[in-house]
Amino acid sequence: MTEDIRKKIDKPIFHAVGAAADRLGRDCYAVGGYVRDLFLDRHSKDIDFVTVGSGIEVARNLAESLGKHVKVTVFKNFGTAQLHYKGEELEFVGARRESYSHDSRKPIVEDGSLDDDLDRRDFTINAMAICVNGPRFGELVDKFDGTGDLKRRLIRTPLDPDITFSDDPLRMMRAIRFATQLRFSIEYATFEAIKRNAGRIKIISRERIYSELTKIMESERPSIGWSMLLDSGLLELIFPEFAALRGTETVNGRGHKDNFFHTLQVLDTVASKSDNVWLRWSALLHDIGKPATKHWVDGVGWTFHNHNFIGAKMIRNIFRKMKFPLDDKLKYVEKMVELHMRPIALVEDTVTDSAIRRLMVDAGEDIEDLMILCEADITSKNQEKVRRYLDNYVIVRDKIIDLEARDKLRNWQPPVDGNMIMATFGLSQGKAVGEIKTYVRETLLNSDSPNDFDYARRLMLEKGRELGYEPIENKL
Ligand code: ATP
Ligand code: MG
C-alpha cells in the first residue's frame, strides 16, 4: 500500500516539503481533499499540508529552499501560510484541536496532535493524511477507514454525526455536495443526523450556502443534490420557494404533475447539454411561478396562467435572498424564465415568420440557450406528444437560421431610431418619440422586411402625422 502511495506522490515538491519538515524536526502530512482526490484520480487544484507544530515555519523553510522568487503569504489570524509553486497552491497549517460550545458559532482552537486534527474533519474520506517526512514518505494515516469508504462510495462522518453537524452545520451542505459531485451515497446514520440537525443551518451565512449550491449545480447531475436537500428537510429552510413546487393536488379525479420532479428532470437534461451554470439556474427556476398561479378551472382543469411572468418577477427577490450576483446574470435568468413558454406557444400555432422574429429579438444572443431550455421542458410521458413537440422545434430552429441569415436579427435595432425621429420632427425626448418608435418597431416586426429603411421611414412619418407632428423640412 505505502509503495503505491509513495509512487502517487513521488514528485519533487512533496520531497521538498518533506525535507523542509525534516530540517525543522516536524511531522508533516498532505491531508484532506488532496488525499481523497489522489485516490479517486481526480484533479485537485490545491494541496493542504498539516504539520505538528507551526506550519508557517515549514512554509518559510520550504520557500527558502525553492529559491528567492517563491513568496510565502501568511495569514496570522488563521495560523496558515500559503505559497504558489509551478502552478500548484500549497497551504500549510499546524495541527489543531477544536472545541465547540452550543451557543457560539466559533470554536475554541488550540494546538493539537495529528489525531486531534483528523477528528475535527467533516468526513472519513476527507480525514486521511499521507506523511511526507523522509523516513516515512508515503505512509498513510487513515484512522476512520476513509479508503474503505472510498471503495464503498460512502459519505460518513468520522465521529458522532450529531456532534459533527451541530458543531458546524455547513457540513450538512458539504455532505450533500460531495454526494452529488462524486456520486456517492450518504451513510444512513449520517443522513438521519442531517435530518435531525437541519434547523441548525440558520446560523450559516448565505454566501457559504450559495457556494455549496453552486458546486451542486456544476455537477453532472445536479438533481441528486436537490433531491437530498428536499429529503433532509434543508430545502424548506434554505429555499422554500423551490420546495413549494413539490406535491400534486387532485380535483374530480384529475391531478397535475409534480412540478418539483418535473423541474429536476428539466435541470438534468439542460445540464447534459450545457455547462452554463446560469442556464442551469434558469432551468431550476423556470416554473417557480407555478404554485402562486395554480388554479382549478371547471371544464378546463388545472391552469398555471402567466406562471412565466409571475415567475420572472420572483427572480430578483430570490437572487437577493440567496446573495446571488445582481448583475447581468439576474437579467439573463429573468429573461429565460419569462420567455420559456414562447417556443411552446409557437409550436401550437402555425409558425409564422413574425412570431419567430419577435422571439429572436427578445431573446437576442441567448436564443440557443432558450431553445435548450424549452426542448428540455418537454417531459410528457406520452412519447407521441414529445416527438410531435420536438419535431416542431426542429421547424422553429430551421426558421431561426433562415431568418437570421435574411434579416440579421440578433441585437436587431429598427433602421429608424429615436435620434432620427427627433431630428425629423424637431422633437425632444418624450412620450411622442417613444410612441412613434414603438409603432415603427412593432409594424416592422410584423412585416416581411424588417430592415427596409424606406418602409421604416414611411411608417415614422405616418405615425408622426397621426400624432399631429409635421416633418421640419415641410415647415420650412
Ligand atoms: P473542494 O476543494 O472540492 O471543495 P475539499 O475537501 O478539498 O473539497 P476544502 O474546503 O478545500 O474541501 O477543505 C479541505 C479539507 O478541510 C477537507 O477535505 C476537510 O478535511 C477539511 N474541511 C473543510 N471544511 C470543513 C468543515 N466545514 N468541517 C470539517 N472539515 C472541513
Ligand atoms: Mg480543496
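The packing ranking of peptides 326-334, 277-285, 208-216, highest mean first, is 277-285, 208-216, 326-334, where packing means the average number of other beta carbon atoms within 10 angstrom of each residue. Once the Cα atoms are used to define both axes, helix 170-182 deviates from the longest principal axis of the chain by about 80 degrees.
Would you kindly state how much longer the chain becomes between Leu237 and Lys329 on full extension, computed as 0.36 nm times their sequence separation minus their alpha carbon distance, in nm to one decimal?
Details: separation 92, 0.36 × 92 = 33.12 nm, distance 2.41 nm.
Working it through step by step, the gained length comes to 30.7 nm.
Comparing Leu346, Thr250, Trp281 along the charge dipole axis of the range 235-362, the residue lying farthest to the positive side is Trp281, per the Cβ-charge model.
Residues with beta-carbon under 10 Å from that of Lys45, excluding Lys45: net charge, scoring Lys, Arg +1 and Asp, Glu -1?
Numbers: positive: none; negative: Asp37, Asp46, Glu88, Glu89.
So the environment of Lys45 carries a net charge of -4.
Placing dummy labels 7 Å off each Cα toward the beta-carbon, the span from Asn276 to His84 is 3.0 nm.
Only lysines eight or more places from Lys8 in sequence, or on another chain, were considered; those with a Cα closer than 24 Å are Lys45, Lys86, Lys143, Lys151. Taken about its Cα centre, the chain carries a charge dipole of roughly 440 debye when the Cβ of each Lys and Arg holds +1 and the Cβ of each Asp and Glu holds -1. Checking the table Lys106/Lys329; Lys257/Lys290; Lys313/Lys431; Lys313/Lys335; Lys257/Lys321; Lys215/Lys294 against a 22 Å threshold on Cα-Cα, which pairs fail? Long pairs (Cα-Cα over 22 Å): Lys106/Lys329; Lys313/Lys431; Lys257/Lys321; Lys215/Lys294. Per-peptide packing, taken as the mean over residues of other Cβ atoms within 10 Å, places 151-157, 126-132 in the sequence 126-132, 151-157 from highest down.
I need the calculated FRET efficiency for the pair Gln265 and Trp296, taking r as the beta carbon distance and R₀ as 25 Å, to the nearest 0.05. Intermediate results must be reported in sequence, preceding the final value.
Details: r = 24 Å, r/R0 = 0.97.
With R0 = 25 Å, the Cβ-Cβ based efficiency is 0.55.
Within straight-line reach of Lys71, meaning a Cα separation under 14 Å, sit the following aspartates and glutamates at least 8 residues removed in sequence or on another chain: Glu57, Glu88, Glu89, Glu91.
Tally Lys and Arg at +1 and Asp and Glu at -1 over the other residues with C-beta under 12 Å from the C-beta of Arg221: what net charge comes out?
Values: positive: Arg183, Arg280; negative: Glu218, Glu220, Asp268.
Neighbourhood net charge equals -1.
Partners of Lys323 within straight-line reach, counting aspartates and glutamates whose Cα lies under 12 Å from its Cα and excluding those fewer than 8 residues away in the same chain: Glu207.
Only the Cβ atoms of Lys and Arg (+1) and of Asp and Glu (-1) were treated as charged; on that basis the dipole of the range 148-210 about its Cα centre amounts to roughly 300 debye. Think of the chain as a dipole: +1 on every Lys or Arg Cβ, -1 on every Asp or Glu Cβ, centred on the Cα centre; then among Phe137, Pro158, Pro222, Pro158 lies furthest on the positive end.
For Glu442 and Val251, what does the FRET efficiency come to when R0 = 60 Å and r is the distance between their Cβ atoms, rounded to the nearest 0.05? Don't skip to the end; give the middle numbers.
Working: r = 40 Å, r/R0 = 0.67.
After rounding to 0.05, the efficiency reads 0.90.
Cβ crowding within 10 Å ranks Met336, Met371 as Met371, Met336, fewest other Cβ atoms first.
Each label was represented as a point 7 Å from its Cα along the Cα-to-Cβ direction; for Asp391 and Thr350 these points are 1.8 nm apart. What the Cβ-Cβ distance of Glu192 and Arg316 gives, at R0 = 51 Å and to the nearest 0.05, is a FRET efficiency of 0.85. The shape of the range 105-259 can be summarised by an equivalent ellipsoid whose semi-axes, obtained from the alpha carbon gyration tensor, come to 35, 17, 13 Å from longest to shortest. Centroid-to-centroid, using Cα positions, the range 391-436 and the range 17-40 are 62 Å apart.
No lab work stands behind these numbers, since they all come straight from the coordinates. All of these numbers come straight from a predicted model, not from anything done at the bench. Positions of Cβ are backbone-derived with ideal geometry, glycine not excepted, and every protein chain shown enters the neighbour counts.
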